[in-house]
Amino acid sequence: MKRGEVMVIIIEIALFLCILITIYFYLKFRIEKKMKREEQEEPSIVKRLNIYLGENKGGYFSSERIGSYLKSMGNCYELTPLGYISGKILISVILLIAFVLSGEYVAAIVSFLFGFFILDILLKIKNKKDMKVIRFELKDVYDSLTMQSAAGVFIGDALIESYLIVKNKRFKKSLAVLSAEISMTKNIENALDNFSEKFVSDEISNFVMTIKQSLQTGQSKEQLEDLSEQQSEMNLIAVQEGTKKIDTTVTIIEILLFVGILITVLYFVTTVIMANSTGLFN
């Protein structure tokens, strides 16, 4: 295929994607405008487009779903729903064009599909990294709340200052927002629900559930102590697993070094033997 033909294909693909994006936002604008008017029931075709484009709750392209997903992942890149979708499309198109220019058409299609999920992979990697730190800092929050509860401090008041004892930027910000909501609204349960939505974590869910139960039963100290012990055990298991991974990695590196040294020695020994043998036979 000639270079001119490749450029024509690239232009056609780019135009096709631009047309799709334009149609999507045009239809989205028209549907939102139609919904606001509420003059008459939507035709069935509009309902189908509405579902397809994700305007209903749970749709893939739903702003509500994307916003909730980004919030639960920490949204380290501070993306809007539009920026998230645009970024996924842009990455896919860049990879597609790069492989088409190199003449790898099958790889171009695969990379185009894979590129659509690269942003999700990066978000999940960052979220996993954050949760490793938050898991340990949560134990410090438990200990602080337990001591303050034992001293007779109301659990809601103790929560307000909990952000001061953590260092992870994401966790500190979330606890600070929780503190502000409690101070302003006095609705601790609602503030805890909003806090929980910012994480995908069993530990955070248990933390929120425990605080809610302590508000109902008044036995915050006992419940916090129990959950603090459980968190300590989970952290210990995490440390042991991390240690095992480190030991395994060190062992693999040692084996590779040994194999490398052995191959090097065998190479030089073989070279010397071959050189001596050549001299003898000549």
(message) Which condition from (1) part of a helix (DSSP H, G or I); (2) within 28 Å of Tyr69 (Cβ to Cβ) is the one that Gly156 breaks?
(response) (2)
(message) Where the second residue is at pLDDT 85 or above and not β-branched (Val, Ile, Thr) and the first is part of a helix (DSSP H, G or I) and lies in the range 74-85, which pairs have Cβ atoms under 6 Å and are six or more apart or on separate chains?
(response) Pro81/Gly67
(message) Let me confirm something: among Phe114, Phe136, which residue is farther than 22 Å from Lys198 by Cα, assigned to a helix (DSSP H, G or I) and not aliphatic (A, V, I, L, M)?
(response) Phe114
(message) Can you tell me which condition Lys221 does not meet? The list is (1) among the basic types (Lys, Arg); (2) loosely packed, with under 11 Cβ neighbours inside 10 Å; (3) modelled with pLDDT under 60, and all the others hold.
(response) (2)
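Taking the options Ser174, Ser144, name whichever one is at pLDDT 90 or above, hydroxyl-bearing (Ser, Thr, Tyr) and assigned to a helix (DSSP H, G or I). First the steps, then the outcome.
Details: Ser144 fails: at pLDDT 90 or above.
When all the criteria are applied, what remains is Ser174.
Of all residues in the range 189-206, how many are aliphatic (A, V, I, L, M) and either touching a residue at least 24 places away in the same chain (Cβ under 8 Å) or exposed (fewer than 15 other Cβ atoms within 10 Å of the Cβ) (or both)?
Looking only at the range 189-206, we keep the residues that are aliphatic (A, V, I, L, M), and these are 191-192, 200, 204.
Subset that is either touching a residue at least 24 places away in the same chain (Cβ under 8 Å) or exposed (fewer than 15 other Cβ atoms within 10 Å of the Cβ) (or both): 200, 204.
Of the residues in that region, 2 qualify.
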(request) Select from the range 166-188 the residues that are more than 24 Å from the chain's Cα centre (by Cα) and either under 13 Å from Asp140 (Cα atoms) or surrounded by 14 or more Cβ atoms within 10 Å (Cβ to Cβ) (or both) and list them in ascending order. (result) Ser179, Glu181, Ile182, Ile188
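The values are calculated or read from the model by the stated rules, or taken from the named source; none is laboratory data. What you are looking at is a predicted structure, and each value in this text was computed from that prediction instead of being measured. Every residue, glycine among them, receives a Cβ derived from its backbone with ideal geometry; neighbour counts consider all protein chains shown.
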